[in-house]
Amino acid sequence: MSMDLQQLRACLLEQPQTGAVVIEDGADNLTLTPAAVLFPIVVRDAGHTVMLTQRTAHLRDHAGQISFPGGRVEADDLSPTHTALRETEEEVGLSRERVEILGFLPEYRTGTGFRVTPVVGLVHPPFDLQPDPFEVAEVFEVPLAFLLDPANHQRHEMHYRGALRQYFAMPYGDYFIWGATAGMIRSLSQRLGLHGA
């Protein structure tokens, strides 16, 4: 599947808007902390990829998980885009000059208490990453076509906070991409019309 950037731009929201929301199992009764992530699509000659991080094992939130660079909104952040770019610079050392913002996915509300604005951006090489060793165990890239293909979206369930929760996962090699990260990827594939549901 080749990625048409015009098609990608057309399916995204032009502004982060609260009207469109994806709600994870268990997120509907929580007080939610605002956050933003960068959904970084790297322009590669062999096909676009998505840059992901593996969080270090000792972190308080989502330790050891695969995630997009990002984090909670700080008081002096001007916008979700500002939050996403600032956090990306802090976590992996990717300069905002290398990122072209394309648009936004619907706000994603997590069962762990965050309401996340996904900011979709093209990342233009070359870039020199310097991951923060406290937060980031590894930075890696996965082909965008693999992540968007509904055939690679597995449905799982687990008991969390006294209830059975459903979530998506996209295993890739040794990496288990699941939870909010997988949910946001699935949100993009749905907006691109790649599956019926």
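Derivation of every value follows stated rules applied to the coordinates shown; laboratory data play no part. The structure presented is a predicted model; accordingly, all values stated were derived computationally and were not measured. Methodologically, a virtual Cβ is constructed for each residue, glycine included, from the backbone with ideal geometry; neighbour enumeration extends over all protein chains shown.
In order along region 95-100, the phi-based Karplus estimate (6.51 cos²θ - 1.76 cosθ + 1.60, θ = phi - 60°) of 3J(HN,Hα) comes to 5, 5, 5, 8, 10, 10 Hz; Gly and Pro are listed as x.
A convex hull fitted around the alpha carbon atoms of region 5-191 yields 124 Å³ per residue. Computed over the chain, relative contact order equals 26 percent, with contacts defined as Cα pairs under 8 Å that lie 6+ residues apart.
Near residue 137, the amide H atoms lying under 5 Å from its own belong to 54, 55, 56; only residues 5 or more places off or on other chains count, and H is placed 1.01 Å from N.
Entry note, the chain: the mean residue ellipticity at 222 nm calculated from DSSP H runs of n ≥ 4, each adding -39500 (n - 2.57), is -5500 deg cm²/dmol after division by the residues and rounding to the nearest 500. Ranked for footprinting exposure by Cβ neighbours inside 10 Å, fewest first, 25, 128, 45 give 45, 128, 25. At full extension, residue 132 and residue 46 could sit 28.2 nm farther apart than now, given 0.36 nm per residue minus the alpha carbon distance. You can think of it this way: the chain between residue 158 and residue 57 has 34.3 nm of extra reach, that is 0.36 nm per residue less the Cα-Cα gap.
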